[in-house]
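The values are calculated or read from the model by the stated rules, or taken from the named source; none is laboratory data. Since we're looking at a predicted model, the values are computed, not measured. Accessible surface is based on the protein model in full, side chains and every heavy atom, while ligands, DNA and RNA are left aside. Shrake-Rupley method; radii C 1.70, N 1.55, O 1.52, S 1.80 Å.
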Amino acid sequence: MNKKFKDCKWEVGEKFGRWIIVGPVKINDAILRPYMMCKCECGDEKIIRKYDLFSGASTRCKGCYDKASK
């Protein structure tokens, strides 16, 4: 992970695609990656890696993705 990503700031309520950040979540994974609790515009909630939000790898929940791909 590069220094530029580590310095990325976020705020509760900030949007990334259809995701809205609810807050940070502590998860004990082997690499100690930061995770965020997020809520999709449709109301679905999910824990997502911070990197996936900032990189654009995750922009919406599976339900919204399935609806958009039909």
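Taking only protein heavy atoms and a 1.4 Å probe, the accessible area of the chain is 52% carbon and sulfur. The mean sequence separation of alpha-carbon pairs under 8 Å and at least six residues apart, normalised by the residue count of the chain, gives a relative contact order of 25 percent.
State whether the chain is rounded, prolate or oblate according to the following rule on the C-alpha gyration tensor (a ≥ b ≥ c being the square roots of its eigenvalues): a/c under 1.5 gives rounded; otherwise a/b larger than b/c gives prolate, and the remaining case gives oblate. Taking the square roots of the gyration eigenvalues as a ≥ b ≥ c, the chain is prolate. Protein heavy-atom accessible surface, 1.4 Å probe, per residue over the chain: 74 Å².
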